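Since every read-out is calculated from the coordinates, none of them should be taken as a lab result. Just so it is clear, the model here is predicted, and its values are computed rather than measured.
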Amino acid sequence: MSKYHNIVLRQGDADTLTEVIENLTALTGYTAKLYIVEADGTSVDTITGNISGLNITYEIVNELSKAYPVGVHDFETKIYDSSDHVYTPSYGKFIVEPAKENDPS
């Protein structure tokens, strides 16, 4: 069953998101991706996850998040295996808030 939730990030911030997969016994042979899209389907970013056991981590880096448009976007995570099985563990709103201070460098 997919989980709905919101992710909130300040524009230009880095973050690590961790997802624990349920209802599967192993993720061997799987690939994980986090898709962030505008309401019209335009891609904001696609992040490949790092899988360890049943945990998936997605690294959002500063260099990319500086270009994320401020506002409310959609996201979903997908895991795929080589047999064309696709699962959507989570989805929801990806909210990018404006930074109060810009990166001084």
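Roughly how compact is the range 1-50, stated as its Cα Rg over 2.2 N^0.38 Å to two decimals? Display every interim value, and only then the final one.
Values: Rg = 13.1 Å, N = 50, 2.2 N^0.38 = 9.7 Å.
Taking N as the residue count of the range 1-50, the ratio is 1.35.
When the chain is treated as a Gaussian network with alpha carbon springs shorter than 10 Å, the biggest mean-square fluctuation among Y35, Y91, Y80 belongs to Y80.
Considering only DSSP beta bridges whose two residues both sit in the chain, what percent are antiparallel, to the nearest 5? Approximately 80 percent, going by the DSSP bridge assignments.
Here's the list of aspartates and glutamates a cross-link from K100 could span, going by alpha-carbon distance under 20 Å and ignoring same-chain residues fewer than 8 apart: D13, D15, E63. 3J(HN,Hα) couplings calculated from phi for the range 70-79 with the Karplus curve 6.51 cos²θ - 1.76 cosθ + 1.60 (θ = phi - 60°) are, in sequence order, 5, x, 9, 10, 9, 9, 8, 9, 10, 10 Hz; Gly and Pro show x. Provide, for q = 0.15 Å⁻¹, the log10 of I(q)/I(0) from a solvent-free Debye sum over equal Cα point scatterers in the chain. Those come out to -0.63, one per q.
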